[in-house]
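Just below is one structure, and these are the notes that go with it.
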Amino acid sequence: MIMDNHKLIMTQDKIATVEDVILSSCEIPSMPNVTQQILMMMSDPDTNAEKLQKVILTDQALSTRILKIANSPFYGVPRTIRTLSTAIMILGYKMIRNIVLAIVTKSINRRAGLIETMMWEHSIGVSNASFLIAKEIQFPESEEAFLAGLLHDIGKQILNNYDPERYMYVIERTYNEDISYYYAEKEIFGFSHPEVGALVIRKWKLSEELESAIRYHHEGFKATFKEYPYYLGKLSIIVNLADLMCIKLGIGRREPLDTINIANSESAALLKLSENKVQILSDKLQNYFEAEKEKFWY
Ligand SMILES: [Fe+2]
Ligand SMILES: [Fe+2]
């Protein structure tokens, strides 16, 4: 079997795309019904906070989580928010959608071990870092950046669900041989988590921009930026940089990776972020994450 980035050329002259191979190997989960309903309501111009509140209230865990997050200092709301409809108005539909999808993201893990906890922590870390970077560079859709960060490694969860033993081998190789997940997965599975993640985004009918951000967050973000410098391209770079920040801080890893020089990274340069700015953002992320993660996200 010969493999390149786009196609697997199989013996017997059969050609299968990487997508075909992924789809025939792993189960890409469907989006839960309540989530689908909430997302559909949000795209309906007749929806208002009250109507949305009714649907959300049918899920007690979701309602509690939304209220907790709305009261997080991350959003800087000066007074305590006690009702769901106020939380919806303050956070906005897009942030509510993100919280709903965060809960879904956590729930697709089939196990609840250390690996899964670290993956979850990394997702939340990268979503928060993406949000902070987006605000810093005045990217117009900071909530989209949050969502891209949240879902960027969802492909790892799918691969880990599909074959946890082989995925543990991927993880061990990244730590022991200092290679990226992307390359270890390609070698061990034949495909990588960004490719799997992009399929999840498509199946869940989220946006093309998001699909592209997930697909290119490790490889190809530079080319995407050149082609789409204003929106689509920036989303994958924001996620790439957010990922580096979390790796350096050890968010979702066994330990911090101090050797990364983020200020010299391609993504920091493309976003025109100075060493000083990157440091300020990292400090902000670390302070917020350490103080608030368990209170709001667990
Ligand atoms: Fe990744
Ligand atoms: Fe990541």
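Here are the numbers for the structure shown:
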quantity: Over the chain: helical MRE at 222 nm, DSSP H runs n ≥ 4 each giving -39500 (n - 2.57), nearest 500; calculated: -20500 deg cm²/dmol
quantity: Debye intensity ratio in log₁₀ form over the Cα atoms of segment 31-107, taken at each q of 0.17, 0.24, 0.26 Å⁻¹; calculated: -0.59, -1.18, -1.36
quantity: Share of alpha-carbon pairs per 10 Å distance bin for the chain, given as whole %; calculated: 6, 28, 35, 23, 7, 1, 0
quantity: Segment 215-226 - phi-based ³J(HN,Hα) in whole Hz, Karplus 6.51/-1.76/1.60, Gly and Pro as x; calculated: 4, 9, 5, 10, 10, x, 5, 5, 5, 5, 4, 5
quantity: Zone residues, segment 49-85, relative to Asn33, backbone N less than 18 Å from point 7 Å out along Cα-to-Cβ; calculated: 54-62
quantity: Neighbour net charge for Met118 - beta-carbon separation under 9 angstrom, K R +1, D E -1; calculated: 0
quantity: Lys, Arg +1 and Asp, Glu -1 on Cβ, resulting dipole of segment 133-232 about Cα centre, debye, nearest 20; calculated: 180
quantity: Two-site FRET efficiency, Leu57 against Leu23, from Cβ-Cβ distance with R₀ of 45 Å, rounded to 0.05; calculated: 0.80
quantity: His217, His193, His152 arranged by Cβ crowding within 10 Å, fewest neighbours leading; calculated: His193, His152, His217
quantity: Dipole of the chain, positive direction: furthest Cα of Asn176, Ile38, Ala134, with charges on the beta-carbon; calculated: Ile38
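Here, each number is a calculation from the coordinates, and none is a lab measurement. Predicted, not measured: the structure shown is a model, and the values here were computed from it. Because the Cβ atoms are built from the backbone with ideal geometry, glycine has one as well, and the counts that use them run over all protein chains shown.
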